[in-house]
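Student: Input: one structure, supplied below.
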Amino acid sequence: MNFHSMSADQLRDTQADLQKRYEALCAAGLSLNLTRGKPAPDQLDLSEELLALPGVGNHTSPDGTDCRNYGGVAGLPALREIFGELLGTGADRIVAQNNASLQIMHDLTVFALLGGTPDSEHPWSKHDSPIKFLCPAPGYDRHFAITEQYGIEMITVPMNPDGPDVEACAELVADDPSIKGMWVVPTYSNPTGYSVSEEVARALVAMPTAAPDFRIYWDNAYAVHTLVEETPTPLPILDLAAEAGHPNRVYVFGSTSKITFAGGGVAFFGSSPENLDWYTGHASIATIGPDKLNQLRHLQFFGDADGVRAHMARHRALIAPKFELVLQILEDRLGASKIAHWTEPEGGYFISLDVIDGTAARTVSLAKQAGIALTGAGATFPYKNDPHDRNIRLAPTFPPIDELATAMDGVATCALLAATEKLLDLA
Ligand code: PMP
């Protein structure tokens, strides 16, 4: 029954039932974890063959590079060909690096702070007032951690089903030269699963900005991570930016962290030739070249872009049932009560659950006491501050399916119990 139309007595009865259910949950002594979007061991097993590649005597890439040696800061051309296609940049506007795209995002930010970008009048750290980034939220906590770490002020903008609220963004960047960048996850966004529409993408790359060195961090981490048959075609965002007269505005990121091994994949950075020269100029001071042997083994493992797509279909077979299960439990347990909304993503790694305003932190804390770890309430907002205390990020991939069912059922009990407390408070 809809909790919002219950009388105080009905709410109290419901709460008493839920309290019993919650006590039973606590007594079960669970230790379950729904916090991080990690691939499960059976997903990692899909790439086990990588561990035997490239193999003894097999160290030369198709372009003749001896991958055992130093050099090649841009990474192997044949692998750039594959991910240039999958990320929509083309091979000549992408570099292949080491295992973490987050590190590239971090380094680009630090390079800009210390030395400025090719379009900067001075280093970002020398700006006459603290610089700022736009942060579509709910969003990815580790993005926000990078900007927070370096004292970059974060401005929350709404994340809509078709992407960041572009009108709000355009208004903010038009007059404020201290707004230097924004975070965007364009495909199956973390945590909502929303994807940026072409219309919104065009508006983002075209909007006039007071800062000449404004950058969009276009983190396409889930470009090929679909839960449905078809892999979406990536927007040619670098071309769109160039057509709009802002060829240097966009940084594209991707990695194989959730394709092969989260701890041993290959990360990619795509941008304009000028930005890539600037980046590789800095990167080649830090390293005499990336791990090309890992790149070679990835190349041999995939073969081509279709090899990646076929591999992602195998992931889908493992994780789609987990997403279906979570959605089913949410519907069965929370649907009628109308105390929550959730996203039904077609890809990515998360489901975003919105509970009654003011009850997300309570839900997470009740779950914790019952032995179910959830991502901290607020984590999906800058400064961990969800102004409505309503958003919870659910990560269904890692736990085995039976544990996932127990954990989600428990989360639902906690959300319902927190809702009765809140509604009785208000009654
Ligand atoms: N970007 C997003 C949006 C992510 O969700 C994740 C992983 N949770 C990453 C980047 C991390 O990528 P990498 O392993 O390449 O650093």
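Student: Kindly state which strands (runs of 3 or more DSSP E) lie completely within region 128-205 and contain at least 2 residues that are within 11 Å of the chain's Cα centre (by Cα).
Tutor: Passing ranges, in order: 179-184.
Student: Among the listed residues 280, 287, identify the single one that is open to solvent by 20 Å² or more (accessible area, probe 1.4 Å), in contact with a strand residue (DSSP E or B) (Cβ under 7 Å, 6 or more places away or on another chain) and at pLDDT 95 or above.
Tutor: Selected residue: 280, the only one of 280, 287 that is open to solvent by 20 Å² or more (accessible area, probe 1.4 Å), in contact with a strand residue (DSSP E or B) (Cβ under 7 Å, 6 or more places away or on another chain) and at pLDDT 95 or above.
Student: If you scan region 94-105, which residues turn out to be more than 9 Å from the ligand (Cβ to nearest atom) and open to solvent by 20 Å² or more (accessible area, probe 1.4 Å)?
Tutor: Within region 94-105, just 98 meets the criteria.
Student: Which condition from (1) in contact (Cβ under 8 Å) with a residue 40 or more places away in the chain; (2) in contact with a His (Cβ under 9 Å, 6 or more places away or on another chain) is the one that residue 66 breaks?
Tutor: Condition (1) is where residue 66 drops out.
Student: Answer yes or no as to whether residue 148 is touching a residue at least 60 places away in the same chain (Cβ under 8 Å), touching an Asp or Glu at 6+ places or on another chain (Cβ under 9 Å) and either open to solvent by 30 Å² or more (accessible area, probe 1.4 Å) or under 29 Å from residue 195 (Cβ atoms) (or both).
Tutor: No.
Student: Which residues, counting only those in region 234-259, are away from the ligand (no atom under 16 Å from the Cβ), within 20 Å of residue 79 (Cα to Cα) and open to solvent by less than 20 Å² (accessible area, probe 1.4 Å)?
Tutor: Within region 234-259, just 238 meets the criteria.
Student: Out of all the residues in region 246-289, which are part of a loop (DSSP other than H, G, I, E, B) and either free of Cβ contacts under 8 Å to residues at least 24 places away in the same chain or under 30 Å from residue 314 (Cβ atoms) (or both)?
Tutor: Result: 256, 257, 258, 259, 260, 261, 262, 263, 264, 265, 266.
Student: Out of region 347-381, which residues are part of a loop (DSSP other than H, G, I, E, B) and either within 14 Å of residue 416 (Cβ to Cβ) or more than 16 Å from the ligand (Cβ to nearest atom) (or both)?
Tutor: Passing the criteria: 356, 357, 358, 359, 370, 371, 377, 378.
Student: In region 106-132, which residues are open to solvent by less than 10 Å² (accessible area, probe 1.4 Å) and within 15 Å of the ligand (Cβ to nearest atom)?
Tutor: Matches in region 106-132: 108, 109.
Student: Kindly provide the set of residues from region 35-72 that are among the hydrophobic types (A, V, I, L, M, F, W, C), surrounded by 11 or more Cβ atoms within 10 Å (Cβ to Cβ) and more than 30 Å from residue 397 (Cα to Cα), ordered by number.
Tutor: Hit for region 35-72 is 67, nothing else.
Student: Between 283, 310, 267, which is within 16 Å of the ligand (Cβ to nearest atom) and either under 18 Å from residue 224 (Cα atoms) or among the acidic types (Asp, Glu) (or both)?
Tutor: After applying the criteria, what remains is 267.
The values are calculated or read from the model by the stated rules, or taken from the named source; none is laboratory data. All values derive from a computational prediction rather than experimental measurement. We place every Cβ from the backbone using ideal geometry, glycine too, and count neighbours over all the protein chains shown. These area figures cover heavy atoms from the full protein model, side chains too; ligands, DNA and RNA do not enter into them. Shrake-Rupley method; radii C 1.70, N 1.55, O 1.52, S 1.80 Å.
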